[in-house]
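The structure appears right after this line, and notes come after that.
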Amino acid sequence: MLRRAGTERAFAGAYTDTEEPGLYRCNACGNPLYTSDTKFHSGSGWPSFTEAVSPDAVEVIEDRSHGMVRTEVRCARCHSHLGHVFPDGPRDKGGLRYCMNSLALDLDAEGQPAS
């Protein structure tokens, strides 16, 4: 999934409904990506976040696969596929929905982003 830009089935991922506090890291390299404070229940079937821990944590790339145009999200450190970002998130939090694959993430319950 991380190297071939796959997508896990909706509602099948371990972090879809998780509310445990912590720091979500890239499952391939450990790069800090999202905090639980930015996670929300989008109803999409995948863990969703309003923003990354920093603008440098992820990279976005136009994705024209499967006959549509989307914005792919990759880890900025190791370039692993994480998911996609959509402009239908909570408006009061910037309007973005970072829709991630649980398999691409590792929840560090003790972790905090570097300041």
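Rule-based calculations on the coordinates, nothing more; no lab input. Given the structure is predicted, the values throughout are model-derived calculations rather than measurements. Don't worry about glycine lacking a Cβ; one is built from the backbone with ideal geometry, like all the others, and counts go over all protein chains shown.
Go through (1) hydrophobic (A, V, I, L, M, F, W, C); (2) closer than 13 Å to MET100 by Cα; (3) out of contact with any Cys (no Cβ under 6 Å at 6 or more places or on another chain); (4) surrounded by 14 or more Cβ atoms within 10 Å (Cβ to Cβ) one by one and return the number of the condition TRP46 breaks.
(3)
Kindly indicate whether LEU82 is within 21 Å of GLY13 (Cβ to Cβ), part of a strand (DSSP E or B) and in contact with a helix residue (DSSP H, G or I) (Cβ under 6 Å, 6 or more places away or on another chain).
Spelling it out, LEU82 is indeed within 21 Å of GLY13 (Cβ to Cβ), part of a strand (DSSP E or B) and in contact with a helix residue (DSSP H, G or I) (Cβ under 6 Å, 6 or more places away or on another chain).
Might you let me know whether the range 87-107 holds any residue that is in contact with a Leu (Cβ under 8 Å, 6 or more places away or on another chain), free of Cβ contacts under 8 Å to residues at least 40 places away in the same chain and more than 20 Å from THR7 (Cβ to Cβ)?
no
Of the residues ALA14, ALA52, which is surrounded by 16 or more Cβ atoms within 10 Å (Cβ to Cβ) and of a type in the set (A, V, I, L, M, F, W, C)?
Exactly one of ALA14, ALA52 is surrounded by 16 or more Cβ atoms within 10 Å (Cβ to Cβ) and of a type in the set (A, V, I, L, M, F, W, C), namely ALA52.
Could you tell me how many of the residues in the range 59-73 are farther than 24 Å from TYR34 by Cβ and assigned to a strand (DSSP E or B)?
Total meeting the criteria: 0.
Can you give me the number of residues within the range 61-77 that are loosely packed, with under 15 Cβ neighbours inside 10 Å, in contact (Cβ under 8 Å) with a residue 60 or more places away in the chain and in contact with a strand residue (DSSP E or B) (Cβ under 7 Å, 6 or more places away or on another chain)?
0
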